[in-house]
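See structure below.
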Amino acid sequence: MILSDEDCRRLLSQAQDGDRQAYHALLGGCRDWLMRYYARRIAPQSIDDLVQETLMSLHAKRATYDPSRPFYPWLAAIARYRWIDALRKMTRDEELSEGDASVDHQEEAILSRLSLDSLLTHLPKAQANAITLTKVEGRSVEEAARICGQSQSLIKVNVHRGLKRLAVLVESE
């Protein structure tokens with residue numbers, strides 16, 4: 001069951017204070033969310049390992065989380081870094097053959113995503129999160145608003161302004 005952002009903030013805050021049951025509940029909710037997050041990004045046989053690696057990263061970084069900030073964008077940042085690391089490892093481990101179009105396509109997709117992530121760093125965090133959730137992950141405006149703890153109108157504004165700013169950045173390069 002995927003928990004609300006508010007529930008995750010509360011549970012992690014309690015976990016930071018030593019509540020093991022709250023931490024266990026949080027990890028269960030995060031596992032469900034991560035399974036869904038990675039289902040659209042990586043081969044099915046790699047999802048469990050990547051979820052476990054991400055949960056271990058969450059465990060290592062849990063003391064850095066500020067409960068006054070939205071939880072899911074924080075978790076998504078950790079998940080994105082683990083995903084990129086996994087993609088890099090896959091490309092290193094695979095023996096690339098020059099004639100394999102699917103490998104070329106996969107490499108292009110990885111490079112495109114890395115370029116997009118680089119561009120998003122030039123935007124305010126709220127705009128980057130709104131674009132990532134709605135345009136990259138394909139979530140609805142309603143779901144993005146719930147995850148970010150913002151109104152639907154603000155999500156739409158952030159997407160519009162962020163895309164406009166990205167267009168200017170791309171044109172200037």
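Laboratory data are not the source of any read-out in this text; all were calculated from the coordinates shown. These numbers were taken from a predicted model, which means no experiment stands behind them. Note that we place each Cβ from the backbone using ideal geometry, even for glycine, and neighbour counts take in every protein chain shown.
With a Förster radius of 25 Å applied to the beta-carbon distance between Gln21 and Lys135, the computed FRET efficiency rounds to 0.10.
Can you give the extra length, in nm with one decimal, that the chain gains between Ile84 and Thr121 once fully stretched, where that is 0.36 nm per residue apart less the Cα-Cα distance?
Working: separation 37, 0.36 × 37 = 13.32 nm, distance 1.53 nm.
Full extension from Ile84 to Thr121 adds 11.8 nm.
Between Met35 and Asp49, the contour length at 0.36 nm per residue exceeds the alpha carbon distance by 4.0 nm. Which of Ser57, Tyr23, Leu116 sits closest to the plus end of the dipole of the chain, meaning its Cα is farthest towards the positive end, when Lys and Arg get +1 and Asp and Glu get -1 on the C-beta? The listed residue farthest towards the positive side: Tyr23. For the chain, averaging the sequence separation of C-alpha pairs within contact (under 8 Å, six or more residues apart) and dividing by the residue count gives a relative contact order of 21 percent.
Each peptide in 122-131, 160-169 gets a packing score, the mean of other Cβ atoms within 10 Å over its residues, and the list from highest to lowest is 122-131, 160-169. Taken about its Cα centre, the chain carries a charge dipole of about 860 debye when Lys and Arg each add +1 at the Cβ and Asp and Glu each add -1 at the Cβ.
Projecting the Cα atoms of Ala128, Val157, Pro44 onto the charge dipole of the chain, computed from C-beta unit charges around the Cα centre, puts Val157 farthest toward the positive end.
For the chain, the square roots a ≥ b ≥ c of the C-alpha gyration tensor eigenvalues yield an a/c of 1.5 or more together with a/b not exceeding b/c, which makes the shape oblate.
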